[in-house]
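Taken together, the values in this text are just the output of simple stated rules run on the coordinates, not laboratory data. If you're wondering where the values come from, they're calculated on a predicted model, not measured in any experiment. Please note: Cβ atoms are built from the backbone with ideal geometry, for glycine as well, and neighbour counts cover all protein chains shown.
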Amino acid sequence: MIRRLILALVAHSFLGPALAAQGVPTPRDHFGFDMGEDRKLANWDQLRAYYETLATQSPRVAIETLGPTEIGQPFVMLTITSPENHARLAELHEIQMKLADPRTISGADELERLFDMGKTVVMITHGIHATEVGGSQGAARLAHIMASSNDEKILEILDNVIFLQIPSLNPDGLQWVADWYNEHVGTEFEAAPLPWLYQFYTGHDNNRDWYAFTQNETIHTVGAQNEWHPQIVHDIHQMGSNGARIFFPPYIEPWEPNIDPALTTAVSQLGTYMAAELTSQGKKGVVVNAQYDAFTPARAYMHYHAGARILSETASARLASPTTIAPESLGPGRNFDASKRSWNFPNPWPGGDWGLPDIVDYQTSGALALLTNAAKNRRYWLENFYGVNKRAVDKWDDWPDVWIIASGQENQTGVKYALRSLVMADVEVHQAESSFSVEEMQFPAGSYVIPMNQPYAGFANSMLEIQNYPDLREYPGGPPQRPYDVTAHTFGYLFDFEAVAIDGHLGVGLSAPIEAPDFDFRLPDHLVGSEAPRIAMYKSWQEPMPEGWQRWVFDEYEMPYDTLHDADIRGGALSGYDVLLFQAQDAQSIREGYDQGELPERYTGGLAHQGIAAVKAFVENGGRVIAIEAATEFVADLFDLDISKSTEGLSNTDFYIPGSILRLELDTSSQINQGMRSEVSSWYWRSSMAYEVNDSRVRVAARYGSGDPLLSGWVLGGEHIAGKPAILEVDIGDGSLVLFGFQPNYRAQTVATWPLLFNAIRK
């Protein structure tokens, strides 16, 4: 990528800084309105055209297309720095790569030269969640400032920083949301929700893909990060309307234990600096050390690459429409109270009007504060970056010497999935050139070896070890603090393979680092050929994210299926199918959908009486319905099954699982468990369920593990689901039902339980 970028710069890189402001159009010049105006949204086509214009008109800006989005739109990155830095970009890139891998530095003299000559590399990413519209609009304002301003602070940034700007992490969603909003602005449906996922497959989950690397947009961004290994990555988001106006780190506890302590303190000081800058500007409602932790790598890939990840979350409006927040609606949040002054919230916002101009103003000010810090403290950021990488190369004391993934394991799909993720994360993975034994264990030739004295070993250790989320209490002996997000990411459990941590010398030759392998999932024989079942997937206008993830897996493995909307089912479309799949969606939204007046009429109504009757007749006449998590309640009600949730009525202080990996016990006589071992790991999420069964028609195909079912993560009140049914089968008339209490395809990561779902899909 760097070589392509340098070639693109040759034509304009020697233009002088005095020309920077000349001929650079403002956003108003280009769009006809300022970025951040109420009720004005630029779509991706318009924004990309503007960035191309900036690259043509400003010697500070270069643009590169990193690849296509999931639906084929250009995914771009801007490189913004001084013309002088552009002219020597290859040299600056080489310096950055050496600091990223201390093994390549010859000694103290070379290291000092690198510190003297290097620049702080900063990546800022905007708009991963397309409904958080301030990020995408503010990106254009920020790019214009950097492309045109001759303010002393901006020139200092340009001289000392290589600024990599990804102006939209989700161009597809940005296009849809902006076009939808602009179509309905000024009507009764202004700011109405988009009636489909705003990332083609993942919806709001696209920021949880930073270790599985499934989506094109994730892959392109990770590629750019690996190309430069930025010292700082700023991820710009929005949050709810009724709390603080903007959040910066420090994060609350806990931090993932494989993140270098020097990086923890770097993140905390930078976030505090940003908060101080905005507060000094008179901006109210700035909070730190609240709401968000730094535990899961699913959203913090850069922490394992010595990059300080700065998350900012700005209060939202109604898309681009303003809102009014009553003072009495501001109240307690996690680790602060939005109505009260505190050390981490020193200047409360009193309530009132809030809109897109405020959002873009706060976000732009935060980004400029970050860039200013990166410029003024250039040497600190380079030295800290090198230090984090050097400690990884020297290997942490509590890391094993190596991780080994034995060759020849049964689930090769899972092994290849893990290897692909590790190698894509720049982890060096080798293969043993012969068989060997260590610690009384035998490993065949070709086994995969991950030495832990390498720059990005922290990522490998985090992904391969078991997670033990700390027991944090509100006060000694008090109730537990519930985790903000998922608490488990152990590859071996998610992908169904075994990895072994070893201390000591292996005594075996190793290959050069491997390339990232392709991984594939072989469909069961009954899903292939002319006798395969005809599959329909229910697609509501209140589309749940698991439905999108399921489509991704089916598409990835070229499994034929059709999506059916409410009107299709009401119109008799089920007659052409053998299997109907309801992904995780609550019963009311399946039955009723959006109310009349919430959205244009074609997007309202749900299945309604006619569609519900069609589903019932479909099963009684020989069809199979598969329902997952919340959708199982819809199916249970439809067929009067005497089952209930085993945790019904329990408070979240008695039972709570935020996202953890549990042991699952299988009845191997069930067709659903064909080819499976008697135990496997399963994912349990907030919306998952265990059952009480009092219906003789219902067969139990799987139960959560008896005793302590937890394998990795955090569980409160696990005894309430231990040994309880997790997968149910029921014959109804000539057809059948399969009910999954957990998500067998959670975010396309739970390869361990994919076979259960594919086995369930049959005539």
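Counting other Cβ atoms within 10 Å as a rough exposure proxy, the listed residues Thr296, Thr372, Thr279 run Thr279, Thr372, Thr296 from fewest neighbours to most. One Cα centroid belongs to the range 261-281, the other to the range 149-203; the line between them spans 25 Å.
Dipole of the chain computed with +1 at Lys/Arg Cβ and -1 at Asp/Glu Cβ about the Cα centre; of Pro74, Pro400, Gln57, farthest Cα towards the positive end is Gln57. Legend: ranking of residues Glu328, Glu227, Glu547 from fewest to most surrounding C-beta atoms inside 10 Å; resulting order Glu328, Glu227, Glu547.
When the Debye formula is applied to the Cα atoms of the range 543-643, each taken as the same point scatterer, what base-10 log of I(q)/I(0) results at q = 0.11, 0.18, 0.20, 0.24 Å⁻¹? Cα-only, vacuum Debye calculation for the range 543-643: -0.33, -0.91, -1.12, -1.48. Between the C-alpha center of the range 508-533 and that of the range 551-594 there is a gap of 27 Å. Dividing the helix sum by the residues of the chain, where each DSSP H run of 4 or more adds -39500 (n - 2.57), gives a mean residue ellipticity at 222 nm of -9500 deg cm²/dmol. Which angle from 0 to 90°, rounded to the nearest 10, does the C-alpha axis of helix 378-394 make with the longest principal axis of the chain? In the chain, helix 378-394 runs at an angle near 50 degrees to the longest axis. To the nearest µm²/s, what D does Stokes-Einstein give for the range 525-760 at 4 °C and 1.567 mPa s, using the Kirkwood radius over alpha carbon pairs as Rh? Stokes-Einstein gives a translational diffusion coefficient of 71 µm²/s. What the Cα convex hull of the range 310-375 gives, in volume per residue, is 107 Å³.
Over all pairs of different C-alpha atoms in the range 442-566, the reciprocal of the mean inverse distance, the Kirkwood hydrodynamic radius, equals 19.8 Å.
Scan the chain and hand back the longest stretch that contains none of the chymotrypsin sites (Phe, Trp or Tyr not before Pro) lying in DSSP loops with at most 12 other Cβ atoms within 10 Å.
On the way: sites that count: Phe14, Trp343.
By the stated rule (loop sites, at most 12 other Cβ atoms within 10 Å), 344-763.
What label, among (i) 118, 81, 67; (ii) 80, 72, 58; (iii) 97, 81, 62, belongs to Cα extents along the principal axes in Å computed from the structure on display? Answer label, from the structure shown: (ii). The calculated P(r) of the range 52-205, using every Cα pair and 5 Å bins from 0, goes 2, 8, 15, 16, 15, 13, 11, 9, 5, 3, 2, 1, 0, 0 in percent. Calculate I(q)/I(0) for the range 395-502 by the Debye formula, one identical point scatterer on each C-alpha and no solvent, and give its log10 at q = 0.12, 0.20, 0.21 Å⁻¹ to two decimals. Taken in order of the listed q values, log10 I(q)/I(0) reads -0.48, -1.05, -1.13. Centroid-to-centroid, using Cα positions, the range 716-763 and the range 104-147 are 44 Å apart. Of Ile154, Ile502, Ile236, the sequence from fewest to most neighbouring Cβ atoms within 10 angstrom is Ile502, Ile154, Ile236.
The largest-to-smallest principal axis extents of the Cα set in the range 530-595 are 40, 26, 14 Å. Basic side chains Lys and Arg get +1 at the Cβ, acidic Asp and Glu get -1 at the Cβ, and with that the dipole of the chain about its Cα centre reaches some 1200 debye.
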